[in-house]
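Data first, discussion second: the structure below is written as structure tokens.
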Amino acid sequence: MTAVDNLWYLAREARQQAEQVYHEFRDAHDDFVAYEPTRRVSRSRFRTVGERIERHGLPFGAHTLAYRPSGELLLVKQDAIDRWVLPGGEVDPGETVREGARRELREESGIDVDYDGLGILGRVTFRCDDHETWGVLPVFEGEATSVDLAVEDPDGEITDARWFSRLPENTRDRAVLQEWREQRFGDSV
């Protein structure tokens with residue numbers, strides 16, 4: 001089998017796993033913002049995300065929309081890409097997806113939340129050459145139970161955490177986060 005065939009097979013297996021995981025989230029939750037971005041990636045990145053998706057359906061792990069009742073949203077700074085992003089990351093073996101999101105939130109910001117449910121359900125498509133697959137990006141939402149921030153990211157990817165009433169221009173996936181805020185808080189933000 002050639003490398004092209006291997007990527008084709010990996011893409012197919014990943015799609016099957018993603019389909020199953022996506023339906024589990026969709027059936028278990030309602031009232032979330034649907035999100036369907038597409039990313040063109042290199043062959044090596046395609047293989048990496050394909051392997052992650054094949055394992056558990058999630059190319060980027062799980063994330064949290066941590067908010068205050070006033071509508072402020074917690075974002076963390078990822079210097080390597082010069083973007084403010086939602087706290088989150090890979091789910092460890094033995095963790096549920098929500099447990100992974102909670103652990104990542106604590107590591108990257110030092111806070112905890114009372115989870116309300118699923119705020120955003122992403123279906124992220126990856127393309128490379130003639131290959132395509134997709135994975136699930138679950139983003140849980142929850143009201144902060146503490147607001148004092150402390151970054152203790154063991155991966156060293158996150159360098160800052162802040163509450164924002166207005167999202168910075170260099171916020172990853174800014175449009176979908178604004179859509180979620182409008183749906184959640186209406187005109188109050």
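Data for the structure
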| read-out | value |
| --- | --- |
| Extension reserve of the Gln16-Ser165 stretch, reckoned as 0.36 nm per residue once the Cα distance is removed | 49.7 nm |
| Surface share of carbon and sulfur [accessible, 1.4 angstrom probe, percent] for the chain | 42 percent |
| Amide H within-cut-off set for Ala161, under 5 Å, with H built and near neighbours excluded | Lys77 |
| Heavy-atom surface of region 117-171, accessible at 1.4 Å and reported per residue (Å²) | 46 Å² |
| Crossing angle, helix 97-109 versus the chain [Cα axis fit, 0-90 degrees, rounded to tens] | 60 degrees |
| Cut-off 12 Å between beta-carbons: net charge of the residues surrounding Ser109, Lys and Arg +1, Asp and Glu -1 | -3 |
| Spin-label pair Asn6/Arg26, simplified geometry with 7 Å Cα→Cβ offset, distance in nm | 3.2 nm |
| From phi via Karplus (6.51, -1.76, 1.60), per-residue ³J(HN,Hα) for region 72-86 in Hz, x at Gly/Pro | 5, 10, 7, 10, 10, 8, 10, 4, 4, 10, 6, 9, 8, 9, 6 |
| Point-charge dipole on Cβ atoms (K/R +1, D/E -1) for region 27-122, about Cα centre, debye to 20 | 620 debye |
| Burial order of peptide ranges 22-34, 113-125 (average beta-carbon count within 10 Å, highest first) | 113-125, 22-34 |
| Per-q log10 I(q)/I(0), region 75-189, q = 0.09, 0.14 Å⁻¹ (Debye; single scatterer per alpha-carbon; no solvent) | -0.26, -0.64 |
| For region 1-53, convex hull of alpha carbons as volume per residue, Å³ | 76 Å³ |
| Nearest-10 value in Å² for the accessible area of Thr171, using the 1.4 Å probe | 10 Å² |
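The values are calculated or read from the model by the stated rules, or taken from the named source; none is laboratory data. Here the structure is a predicted model, which means the values were calculated and not measured. Because the Cβ atoms are built from the backbone with ideal geometry, glycine has one as well, and the counts that use them run over all protein chains shown. In case anyone asks, the SASA skips ligands and DNA or RNA and just uses the protein heavy atoms, side chains included. Shrake-Rupley method; radii C 1.70, N 1.55, O 1.52, S 1.80 Å.
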